[in-house]
Amino acid sequence: MKGVLLKDLYIAKSNILVTAVSLVVLGFGLSFLLEAGALLILAPVASTTAVFISITSDAGSRWNKNVLTMPVSRSQIIGGKYSFYVILAVLGLIAALIPCGVLALSGADVTFQSLCLYGSIGMSATLLAGGISLPCAYLFDPEKSQIVFMMSFMASTGIIVALVLFLNLLIPVKNHLLLTFQIVLAMAAAFFLLSCKIAVNVYQRRDVC
Amino acid sequence: MKNALTVTGLTKTYPDFTLDHVTFNVPNGSIVGLVGENGAGKSTTVNAVLGLIQRDSGHVSILGAEEPDNAVKEQIGVVFDGSNYPEILSPGKINRIMKHIYHSWDEQDFSRLLKQFSLPRDKPIKQFSKGMKMKLAVSAALSHHPRLLILDEATSGLDPIVRDDILDMLLDFVQDEDHSILVSSHITSDLEKIADYIVFIHEGKVVFSKPKDELTEQYGIIKCGAAQFDALDKSDIIVYRRMDYEWQILISDRQKMQKKYPKAMIVPATIDEMMLLYVKGEK
């Protein structure tokens, strides 16, 4: 799987660098208008676009077919792509934490709790969107999967709102904001893992030619 | 183990095409050429052999394994038409990636092959010509010391010089008796140069699977007129084709037929001519 991840990294390298620099610059810029920590909502989502660049490149170059002839199983290929998605999301969070850290040191109002809250929201949206769009990238052609990719972020926002409303029936959300979004994050992570299992199962039976 | 690859009754059905009970072997130490016109089922056969597509029925035994696991795949080198590597990568980056994919990846061998083919190490593949891409794909396929090499239309679209370079490399590879090659191509002249066995596929079915020498040394074409054609024993005819000014009849034993029909003009048949007669002729 290491070789497959390295290939993804080579393909997405320039995109990852641009996204990381943009997030740091945006973090400083945004701090004049909003709480700097709010960038953590956007950062993981923005940084995962590189995964879809690598999926499109794999399909375009017929790497998908070539790699299946190598000592890499189909589950490793799918697992590699899901891992790459999580790695990029975490790297996005780390990039966004840089301006937050600098601003916190210079006296800005950045609390650990707000970082956890915004980070949970951002990661939840990212995992839900990935859970929807990643399997579709292997089921549909590149054009359709790009549409699904864009729609998945809107869908993930809707799912988060629905989950929060549901949790509000069980616990008073306004009084337990962080706990609520930690539960949402756990559910999103479970959904992401389930999506990975489904994608592996579907891909095992899929003709690649 | 006698065969590097055994394909038995391989069947795959699509709405508009059926690969129908394809059966052939690739004996150890040999080169088997899979020939047939475009759309005959060569690539479908290769894809099914490699497990890229699910087969409806039939068996494939590849290096002794029914379902090739990673250990078996380690011993198989595959080259498709085109490089099949992301074009942003360079040979140097491919080397670093493959090092982590194949346990048996030989960096020195890869560098030697790049040098032999005059391929730049740090240039992205997108700047390569088609010939360079194919040479890179062959270099990558050979650099993990495979025992079985599978090439699907790997020489199509290449100029004769590049094709010759690649064919030389294949002949060199098979010098080791434990090495075998399955090569699919519609360029029959390439296969005539290197193949030990020819498997001819037409409309998803294996028409024949024979040693190349038997085909080139024994098969022949009778060129005659209508009266001579009528006088022929029809059981001697494999296929025939009526041309503008003559009849062409494919026969399986030139010498025997020459004795039987001493006045007939019998010429050796190339694989190309056999393919044409099978595809366009009548039985």
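Just so you know, all these numbers are worked out from the coordinates, no wet-lab data involved. Bear in mind that the values here come from a model prediction, so they are computed numbers and not experimental data. Counting neighbours? That spans all protein chains shown, and the Cβs are built from the backbone with ideal geometry, glycine included.
Relative contact order, percent, of chain B when contacts are C-alpha pairs under 8 Å separated by at least 6 residues?
Answer for chain B is 21 percent.
If each residue of separation counts as 0.36 nm, what is the full-extension length gain between B:His59 and B:Ile161 once their alpha-carbon separation is subtracted?
33.0 nm
From other protein chains only, count the Cβ atoms within 10 Å of every residue's Cβ in A:56-63, then give the mean.
4
In peptide B:76-82, how many Cβ atoms from other protein chains are near each Cβ within 10 Å, on average?
Across B:76-82, the average partner-chain Cβ count within 10 Å equals 3.
If you count, for each residue, the other Cβ atoms within 10 Å and average over each peptide, how do B:186-194, A:98-106 line up from highest to lowest?
Per-residue mean Cβ counts within 10 Å order the peptides as B:186-194, A:98-106.
Could you grab the Rg to Rh ratio for chain A? Cα atoms only, Kirkwood for Rh.
1.01
Over what distance in Å are the Cα centres of the range A:114-136 and the range B:108-130 separated?
Rounded to whole Å, the Cα centres lie 41 Å apart.
Where is the GNM fluctuation largest for chain B (alpha-carbon springs, 10 angstrom cutoff): B:Tyr85, B:Tyr261, B:Tyr245?
Comparing B:Tyr85, B:Tyr261, B:Tyr245 in the GNM, the peak value goes to B:Tyr245.
Need the list of aspartates and glutamates near B:Lys205 for cross-linking: C-alpha distance under 19 angstrom, and skip anything on the same chain fewer than eight residues off.
Straight-line reach from B:Lys205, under 19 Å: B:Asp16, B:Asp20, B:Glu37, B:Asp56, B:Asp152, B:Glu153, B:Asp272, B:Glu273, B:Glu282.
Rounded to two decimals, what ratio of Rg to Rh does the range B:42-144 give with C-alpha atoms and a Kirkwood Rh?
Radius of gyration relative to Kirkwood radius: 1.01.
Let me check I've understood the local charge: for A:Asp58, count other residues with C-beta under 10 angstrom from its C-beta, Lys and Arg +1, Asp and Glu -1. What total comes out?
Values: positive: A:Lys7, A:Arg62, A:Lys65, A:Lys81; negative: A:Asp8.
Around A:Asp58, the charge tally is +3.
Expressed as cubic angstrom per residue, what is the convex hull volume of the alpha carbon set of the range A:81-192?
Each residue corresponds to 106 Å³ of Cα convex hull volume.
Report the relative contact order of the range B:219-280, percent, no decimals, based on alpha-carbon pairs under 8 angstrom and at least 6 residues apart.
43 percent
For B:Leu34, list long-range residues whose amide hydrogen, built 1.01 Å from N in the peptide plane, is under 5 Å from its own amide hydrogen.
Correct list: B:Val183, B:Ser184, B:Ser185, B:Val199.
Over the Cα atoms of the range B:3-213, Rg to Rh with Kirkwood Rh, two decimal places? Write down the numbers at each step before the final one.
On the way: Rg = 16.6 Å, Rh = 17.4 Å.
With Rh from the inverse mean 1/r over Cα pairs, Rg/Rh is 0.96.
Near B:Lys234, which lysines are there with a Cα under 19 Å away, not counting those fewer than 8 places off in the same chain?
B:Lys223, B:Lys256, B:Lys259, B:Lys260, B:Lys263, B:Lys280, B:Lys283
For the pair A:Leu17 and A:Ala108, how long in nm is the line joining their label points, each one 7 Å along Cα→Cβ?
2.5 nm
Could you identify which residue out of A:Ser61, A:Ser22, A:Ser120 has the top mean-square fluctuation in a GNM of chain A using Cα springs shorter than 10 Å?
Answer for the Gaussian network model of chain A: A:Ser61.
Using only Cα atoms, what Kirkwood radius does the protein assembly as shown have, in angstroms?
26.0 Å
When you look at the Cβ of every residue in B:137-145, what mean number of other chain Cβ atoms sits within 10 Å?
Mean shielding by partner chains, rounded to a whole number: 1.
HN-Hα J couplings of the range B:110-121 from phi, Karplus 6.51/-1.76/1.60, θ = phi - 60°, integer Hz, Gly and Pro as x?
Listing the rounded values in order: 4, 4, 4, 5, 4, 5, 4, 8, 6, 9, x, 6 Hz.
Using a 10 angstrom cutoff on alpha carbons, build the Gaussian network for chain A and name the most mobile of A:Val110, A:Val90, A:Val72.
A:Val72
Using a 10 Å cut-off on Cβ atoms, rank the peptides A:180-186, B:69-75, A:2-8 from the highest mean neighbour count down.
In decreasing order of mean packing, A:180-186, B:69-75, A:2-8 become A:2-8, A:180-186, B:69-75.
Mind checking which lysines have their Cα closer than 18 Å to the Cα of B:Lys126? Skip sequence neighbours fewer than 8 apart in that chain.
Correct list for B:Lys126: A:Lys7, A:Lys13, B:Lys93, B:Lys135.
Roughly how many Å is it from the Cα centre of the range A:16-92 to that of the range B:175-222, as a whole number?
When both Cα centres are located, 48 Å separates them.
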